[in-house]
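First comes the structure, then the notes that go with it.
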Amino acid sequence: MTEEAEHKLIDRLQDPKEQKAAFSDLVKAFSEQLYWQIRKMVLSHDDANDVLQNTFIKIWTNLDSFRGDAKLVTWLYRIAINESITFINKQKQSQNIAIDDDDSFLLSKLEGDSYFDGDEAQLKLQKAILTLPEKQRIVFNMKYFDDMKYEDMSKILDTSVGALKASYHHAVKKIEEFLSLPN
Amino acid sequence: MLNDNDKRNPFRVPENYFENFNLEIMDKLPEKAPSVKKVPLWRSITTWSAAAAVFVAVSLVGINYLESNSSHPTSIESGSTTDTTASLENDYYDFIEEEATLLAYKDSFYE
């Protein structure tokens, strides 16, 4: 979305008469993007669907608090990422799993997802990604799969470009080590 | 090692998922209460102050009129009019203070 289009959409979102119609346009413009960000975090399609709904409901109820000091897409991504983390933590809590125990919990999600279409190599890569700490995993997915610019990532994750570059570099190294292990 | 082949998306979605989602989510949005127009605190106080000032002024005029027409005229020196005026002024200030507190000013600050 161009900057001009984004400004027009923001204006319409803040006009009570046009808000709902503008929100529908917002959903159409961003649902797919946000879905994939969420899916890479929660792994299962059913969970990603739930989180995406939660995300848009949160966006809807907090529209008035969006001040335009950040780009709209940055704000949307932040909500999506926070909703994903909250969702995962709630599920772990309900299953008495430690919050920092990502490997086995998310691995079971990955292996249990009926909408995973990858081959053996892709499955191994996803398993490798799961060995990364949560934030590093997010950074890796954003850079490797989405080719997101570090500057944009920095605004979404509120982390310096330098730190993100270092994080990505370490992530790649760790993943390549994992991939080089025999099956 | 990592290469471009590995960048293929291994995840898929049900057919027409996004088209259906975009429609269904609109029905799930919670109703929004009509937004209360935020009035800047200074404007609220000014409005109430003006109303209170009119009230006080009318009261004073009314009291003076009644006293000047009463069968037992009260002299100014007796202090009763002064007492009444002072009492009204105190009431006025108490009223302003109370209204400012009740306005929940924290939410009403003009941004």
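The values are calculated or read from the model by the stated rules, or taken from the named source; none is laboratory data. What you see is a predicted model; the values in this text were computed from it and never measured. When we count neighbours, we look across all protein chains shown, and the Cβ atoms used for this are built from the backbone with ideal geometry, even at glycine. Quick note on the areas: whole protein, heavy atoms, side chains included, nothing else; ligands and nucleic acids left out. Shrake-Rupley method; radii C 1.70, N 1.55, O 1.52, S 1.80 Å.
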Inset, instruction - Test each condition in (1) within 11 Å of another protein chain (Cβ to nearest Cβ); (2) in contact (Cβ under 8 Å) with a residue 60 or more places away in the chain; (3) surrounded by fewer than 19 Cβ atoms within 10 Å (Cβ to Cβ); (4) not small (Gly, Ala, Ser) for A:Thr74 and report the one that comes out false. - result: (1)
Inset, instruction - Just name the residue that is nearest to the other protein chains (Cβ to nearest Cβ) out of those in segment B:1-22 that are open to solvent by 100 Å² or more (accessible area, probe 1.4 Å) and modelled with pLDDT of 95 or more. - result: B:Glu19
Inset, instruction - Determine whether segment A:81-93 contains at least one residue that is free of Cβ contacts under 8 Å to residues at least 24 places away in the same chain and either within 14 Å of chain B (Cβ to nearest Cβ) or not in a helix (DSSP H, G or I) (or both). - result: no
Legend entry - Unmet criterion (only one of (1) under 23 Å from A:Gln53 (Cα atoms); (2) within 12 Å of chain B (Cβ to nearest Cβ); (3) out of contact with any His (no Cβ under 8 Å at 6 or more places or on another chain)) for A:Ser114: (3)
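Quick check, is A:Lys40 farther than 17 Å from A:Ile57 by Cβ and at pLDDT 95 or above?
Numbers: farther than 17 Å from A:Ile57 by Cβ: yes; at pLDDT 95 or above: yes.
So A:Lys40 passes the test.
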Legend entry - Residue tally, condition in contact (Cβ under 8 Å) with a residue 12 or more places away in the chain and in a helix (DSSP H, G or I), over segment A:102-118: 7
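Please state which one of A:Ile156, A:Ile138, A:Ile175 is of a type outside the set (Ser, Thr, Tyr), open to solvent by less than 50 Å² (accessible area, probe 1.4 Å) and within 13 Å of chain B (Cβ to nearest Cβ).
Details: A:Ile156 fails: within 13 Å of chain B (Cβ to nearest Cβ); A:Ile138 fails: within 13 Å of chain B (Cβ to nearest Cβ).
It is A:Ile175.
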Inset, instruction - Please identify the pairs in which a residue from segment A:138-155 that is under 15 Å from B:Leu2 (Cα atoms) has its Cβ atom under 8 Å from the Cβ atom of a residue that is open to solvent by less than 10 Å² (accessible area, probe 1.4 Å) and part of a loop (DSSP other than H, G, I, E, B), counting only partners at least 6 apart or on another chain. - result: A:Phe140/A:Leu132
Inset, instruction - Report the residue count in segment A:119-149 for those that are farther than 18 Å from A:Phe87 by Cα, in a helix (DSSP H, G or I) and in contact with a helix residue (DSSP H, G or I) (Cβ under 9 Å, 6 or more places away or on another chain). - result: 17
Inset, instruction - Could you tell me which residue of segment A:1-58 is least open to solvent (accessible area, probe 1.4 Å), considering only residues that are away from chain B (no Cβ under 11 Å), in contact with a helix residue (DSSP H, G or I) (Cβ under 8 Å, 6 or more places away or on another chain) and without any contact (Cβ under 8 Å) to a residue 12 or more places away in the chain? - result: A:Asp15
